[in-house]
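Every number in this text was worked out from the coordinates using simple rules, so none of it is lab data. The structure displayed is predicted, hence computed values, not measured ones. Counting neighbours? That spans all protein chains shown, and the Cβs are built from the backbone with ideal geometry, glycine included.
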């Protein structure tokens, strides 16, 4: 499976949270500065094949 979505990622202390183009393919989540900059390579990636997802309650709310 593969898919795409826009996500906000912490980039650094100067720019803080920034939108990034994210691609999920072959159990790997890769992110790029933008869709147009995919040809320059990804900014980072995470292998999700052994990932464990834990849902917790958000502080101050009644939902995850």
> How far apart, in nm, are two points set 7 Å out from the Cα along the Cα-to-Cβ line at residue 53 and at residue 36?
Replying inline: 3.2
> In a Debye calculation with equal point scatterers on the alpha-carbon sites of the stretch 13-52 and no solvent, what is log10 I(q)/I(0) at q = 0.14, 0.19, 0.22, 0.25 Å⁻¹?
Replying inline: -0.35, -0.60, -0.74, -0.85
